[in-house]
Structure formats: C-alpha cells, structure tokens
Amino acid sequence: QSALAQFIECHPNSQRLHEQALKSLPGGNTRTLLHTAPFPVFMRKGEGCNLWDEDGNKYYDLVGELSAGLYGHSHPTLQRVLTETIQDVGFNLGATNAYEQRYASLLCERFGLERLRFTNSGTEANLHCIAAARKFTGRRKVIVFRGAYHGSVLSFGDGIAENNVDQADWVLVQYNDSDGVRNAFAQNDDIAAVILEGIQGSAGYIPGSGEFLRTIREQSEKAGALMILDEVMTSRLAPGGLKETLDVEPDLITLGKYLGGGLPFGAFGGRRDIMDVFNPLTPGTLNHSGTFQNNTLMLHAGYAGLSNVYTPEVVQLFNAQGDGLRQRLQKAFAGSRFCVAGVGSLMCIHATETGILPENITCRDDVAAVESADLKELFWLELVNAGFWVQIRGSITLSIVTPAPVLDAFVVAVEEFCKKHVSLISV
Ligand code: PLP
C-alpha cells in the first residue's frame, strides 16, 4: 500500500472537514503554511507532547507549533495561571496595568534590553522595529536577506513577496554574503536598517556565520544604520537569546512565539534612545497602539512561563537535547539524500536530489537548487502514518515536555524510513 493511500484511508474525517472548510475559507485554509495536499490533517486536541486528530489518530508532536509550542500543550503551570487570571483579573482591561511592566522588566533583564514594547505577533514586532529605525534615522531603505521570514507581510523566501509592504524600500542580499552587505551599503546611501535572523528559520535553520554578523554590525555602524536582530524563533536557544552567544550587539531585537506562554505575542526593544521614538511624553513621536497588546492573559502566561518554567538551566539542557537529536538523525541519514540542519532545539530535515551536508548549506538557494519535493512529501507521509507529527517542509521544533523515549522512537522511525526506501534515497 502506498504511503498516500494509507494516509487517505486513515483520515476520512479530515477529508470531510476539508471539504466543508472549502465553503468558507480560501482553499479551506487560514494559515498558508499549514496547507498540504490532498488535504490537511485536522487536529482535535493536544496534551503534553501528544496530538490527536479528528479521526482518533494519535501523534507525537515534533512541530511544536513552529517554536511557539515550547511548553507543549496545556502545560499545568500555564493552565493554572490562565485559569486564575480569567477568574481574578479578566481578559483585557482597556487600561494600563501593573502586569505589563512586570513582564517587560523580566524580558528586558533576560534579553539585555533597555526598553521594550509589546505587540500581538512577531510580524507586528518587526514592522514596528522597522518603523522605529526609519523614524530614528530619517531614512527609508532596509537591507533584508533572501530566504528571510520576518512575518506574513515580511516574507523574502523567493525574493520580495508580492504582498510585502513598500516593495521599493528593500535591498535584497544573499544570506551569509558579507561582500553583498558591503556592496549594498556602497550602492545605497539611505539605508535605515539591516534586519536579519541570526539563524534563518523558515529557510531551513541556516546559521549566520560570525564573520557575516560582524560585517553587518560594522557596516551598519559606519553608515549610521541600525541592526535589527529578529529573535522571534531564536530567543529560545540561550538564556539571553541567540544574541548572548554572538560577539555583536544589535541595536534592536524582536521577540515572539513561546514568550506569550501559548497566547498571541510579540515584543521588540533595545536601545533606549531608539525606543524613545514611541515615548508619548515627547511630542511628534510614533504612534504604536493595539487593542490586545497588553492583554492580561498573555502577560500572566508569558511571565509565568519565562520565570518559572523556561529557566536558564532548562534552556541549556533542552538545547543540548536538541543537539543530541540532530546528531543522531544525521547519522541515520548518512549516505542518503536527506540531511538535518539547525541549532539546539530548532532543526530542519532537508530532502534533496543530490544529497548535501548540513555544513554546506549557507543560504536558502544552496538547498533550493537541489530540493526534492517528492522526497519531502514521502518522508512527511511515512512519518505521519507512523504517528509522528512533522511538517512537510521538514521543520522540527522541540518542546520541553517531550520525554527522551519519544525522541528515541522518532530516531528509530527515521531509521526505518531510510531502510524501507534505501534504493530511492541513497546517493
Ligand atoms: N520572525 C520569524 C523569524 C519567524 O519565524 C516568525 C514566524 O514564524 C515571525 C517573525 C512572525 O511571527 P508571527 O507569526 O507571530 O507573526
């Protein structure tokens, strides 16, 4: 029986629900990334590291809500805090509250920021950072990197996405291309900022080299432009975020995902003199409003998660566990057309026509040139059929509640996949 036939046979309710969804959602979808053919799996419930779909199939969750699910599903501490907040505080007070400064000061301390503001998403955090850089420098253009994903309308996967705001304002450079950065500055005297992920997440967890990051820092400083580090995914990698492990200091960073304790979240911050472009005590500053950005549920869950659950000790152990898993997966893939790239608890399984070593992936185009959509799909179908929730594009983001035996079982399932399809996937 083919993997696809088995998938269709085991998911009749998902198929039926997709047909219904087509009547109200374009393509039955409200998050483009989650669409899969012939239909997506409809999940019904999550608990800990487990998911159950609408057909009663159970999965071990290795998607971890693309890194927002760091605490797993319904973490008991977060559940308790949220229940208490609903009972004792309310959802959203439409007024300044003490919980926002409590969480802001924790985030500032943990991530080394002088000032911070909240948003409802990572996308908004990046949009406001860019607005801040433009206001502060009085310039418009922003250097971005091919393959970058800074949020829905800030997508640069295959270039500047059609729905991107202000098409003309971007200067696109290849990731890890230091000369490209120097040329971009040499050719444009009106650069407000460089925005980058220290590890390009959506592009397949590709780390930026130290030399590349130092070049961005030096060049932006020389030109009077700002360096914005998007830590929406990477803040989980070290107690003070990825930035703590780099030998450069960005001017602003953006945060998101798990820091909302499971609720919609974004934040941005850094240097006080820049963040003061939002200071309402000064006339002529930028407006930054948003109905839900100081909602009490996020402020309580986020605070409880970061102060009580994702402590610096847990950060270190958790990411070391991720490094160990990646090494075991890479061993399982040896000699095949698959490889696994990433850092700590963030990783991506790449399927290619030719085979590629993770250390040879320096930018999205290195993989795009050899990517195999068929192998990606086969891997996804086989692993989903075996009860592991993985993403068709290969991203794996771990959650702290996944026990070691589940990761062991995942490695065994990958080994079995490699054995079953050895003739197809060998290089
Ligand atoms: N920046 C990065 C690096 C991301 O990975 C994402 C989301 O995946 C975002 C920004 C956007 O965050 P949100 O989905 O909360 O808008």
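The values are calculated or read from the model by the stated rules, or taken from the named source; none is laboratory data. This structure is a prediction, so every number in the text was calculated from the model and none was measured. Glycine gets a Cβ as well: all are built from the backbone with ideal geometry, and neighbour counts include every protein chain shown.
In the set ALA267, ALA238, only one residue is in the same structural domain as LEU154 (by TED's automatic domain parsing), within 29 Å of GLY138 (Cβ to Cβ) and among the aliphatic types (A, V, I, L, M); that residue is ALA267. Screening PHE156 with (1) in contact (Cβ under 8 Å) with a residue 24 or more places away in the chain; (2) within 15 Å of the ligand (Cβ to nearest atom); (3) farther than 15 Å from VAL248 by Cα gives one miss only, at (1).
I'd like to check something: does the stretch 274-291 contain any residue that is charged (D, E, K, R), under 30 Å from THR137 (Cα atoms) and not in a strand (DSSP E or B)? The answer is yes; a qualifying residue exists. Checked against (1) on the phi > 0 side of the Ramachandran plot; (2) buried (at least 20 other Cβ atoms within 10 Å of the Cβ); (3) among the acidic types (Asp, Glu), ASP166 passes all but a single condition, namely (2).
Applying a threshold of 9 Å to beta carbon distances and a minimum spacing of six or more residues, or different chains, the list of pairs starting in the stretch 356-373 at a residue that is of a type in the set (D, E, K, R) and ending at one that is in a helix (DSSP H, G or I) reads ASP366/ASN360. Here the condition is being buried (at least 20 other Cβ atoms within 10 Å of the Cβ) and not in a helix (DSSP H, G or I); of THR354, THR402, it holds for THR402 alone. Among residues of the stretch 211-231 that are charged (D, E, K, R), those with a Cβ under 8 angstrom from a residue that is away from the ligand (no atom under 16 Å from the Cβ), sequence gap 6+ or separate chain, pair up as GLU211/SER178; ARG214/ASP247; ARG214/VAL248; ARG217/VAL248; ARG217/GLU249; LYS222/PHE185.
Evaluation of PRO264 against the conditions (1) in a loop (DSSP other than H, G, I, E, B); (2) in contact (Cβ under 8 Å) with a residue 60 or more places away in the chain; (3) away from the ligand (no atom under 11 Å from the Cβ); (4) not hydroxyl-bearing (Ser, Thr, Tyr) shows that the sole unmet condition is (3).
If only one of GLY64, GLY112, GLY69 is away from the ligand (no atom under 16 Å from the Cβ) and at pLDDT 95 or above, which one is it?
Details: GLY64 fails: away from the ligand (no atom under 16 Å from the Cβ); GLY69 fails: away from the ligand (no atom under 16 Å from the Cβ).
On inspection, the qualifying residue turns out to be GLY112.
Screening GLY290 with (1) within 16 Å of the ligand (Cβ to nearest atom); (2) without any contact (Cβ under 8 Å) to a residue 40 or more places away in the chain gives one miss only, at (2). Taking the stretch 1-84 as the region of interest, the strands (runs of 3 or more DSSP E) fully inside it that hold 3 or more residues being of a type outside the set (Lys, Arg) and under 21 Å from TRP380 (Cα atoms) are 50-53, 58-61. Tell me yes or no: at least one residue of the stretch 191-213 is assigned to a strand (DSSP E or B), within 16 Å of the ligand (Cβ to nearest atom), closer than 24 Å to THR30 by Cβ and assigned by TED's automatic domain parsing to the domain that holds GLY270. No, the stretch 191-213 has no match at all. Taking residues in the stretch 56-74 that are closer than 14 Å to VAL41 by Cα, and partners anywhere that are in a strand (DSSP E or B) and of a type in the set (A, V, I, L, M), the pairs with Cβ atoms closer than 7 Å and at least 6 places apart or on different chains are TYR59/LEU51; ASP61/LEU51.
Conditions tested, residue by residue: (1) surrounded by 12 or more Cβ atoms within 10 Å (Cβ to Cβ); (2) free of Cβ contacts under 8 Å to residues at least 60 places away in the same chain; (3) more than 23 Å from the chain's Cα centre (by Cα); (4) outside the structural domain of GLY387 (by TED's automatic domain parsing).
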{"residue": "SER14", "(1), (2), (3), (4)": "yes, yes, yes, no"}
{"residue": "HIS18", "(1), (2), (3), (4)": "yes, yes, yes, no"}
{"residue": "SER24", "(1), (2), (3), (4)": "no, yes, yes, no"}
{"residue": "GLY28", "(1), (2), (3), (4)": "yes, yes, yes, no"}
{"residue": "THR36", "(1), (2), (3), (4)": "yes, no, no, no"}
{"residue": "ASP53", "(1), (2), (3), (4)": "yes, yes, yes, no"}
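Yes or no, residue by residue, for (1) modelled with pLDDT of 95 or more; (2) under 27 Å from ASN126 (Cβ atoms); (3) among the hydroxyl-bearing types (Ser, Thr, Tyr):
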| residue | (1), (2), (3) |
| --- | --- |
| ARG272 | yes, yes, no |
| GLY284 | no, yes, no |
| ASN295 | yes, yes, no |
| GLY302 | yes, yes, no |
| TYR310 | yes, yes, yes |
| VAL315 | yes, yes, no |
| GLY324 | yes, no, no |
| ARG328 | yes, no, no |
| LYS331 | yes, no, no |
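Looking for whichever is out of contact with any strand residue (DSSP E or B) (no Cβ under 9 Å at 6 or more places or on another chain) and at pLDDT 95 or above here; the options are ASP158, ASP88. Which one fits? Walk me through it before giving the result.
Values: ASP158 fails: at pLDDT 95 or above.
So the residue among ASP158, ASP88 that is out of contact with any strand residue (DSSP E or B) (no Cβ under 9 Å at 6 or more places or on another chain) and at pLDDT 95 or above is ASP88.
Quick check, is LEU93 outside any loop (DSSP other than H, G, I, E, B), in contact (Cβ under 8 Å) with a residue 40 or more places away in the chain and either surrounded by fewer than 14 Cβ atoms within 10 Å (Cβ to Cβ) or away from the ligand (no atom under 16 Å from the Cβ) (or both)? When the stated conditions are applied, LEU93 does not pass them.
Would you check which residues across the stretch 128-142 are outside any helix (DSSP H, G or I) and either within 16 Å of the ligand (Cβ to nearest atom) or of a type in the set (S, T, N, Q) (or both) and list them?
Restricting attention to the stretch 128-142, the residues satisfying the condition of being outside any helix (DSSP H, G or I) are 138-142.
If the condition is that a residue be outside any helix (DSSP H, G or I) and either within 16 Å of the ligand (Cβ to nearest atom) or of a type in the set (S, T, N, Q) (or both), then VAL142 is the only one that fits.
Answer yes or no: is there a residue in the stretch 222-231 that is in a helix (DSSP H, G or I) and either at pLDDT 95 or above or in contact with a Pro (Cβ under 9 Å, 6 or more places away or on another chain) (or both). Yes: one or more hits.
Go through the stretch 378-421 and give me each residue that's without any contact (Cβ under 8 Å) to a residue 24 or more places away in the chain and more than 25 Å from HIS75 (Cα to Cα). Write out each step before concluding.
If we filter the stretch 378-421 for residues that are without any contact (Cβ under 8 Å) to a residue 24 or more places away in the chain, which is where we start, we get 405, 408, 412, 419.
Those that are without any contact (Cβ under 8 Å) to a residue 24 or more places away in the chain and more than 25 Å from HIS75 (Cα to Cα): VAL412, LYS419.
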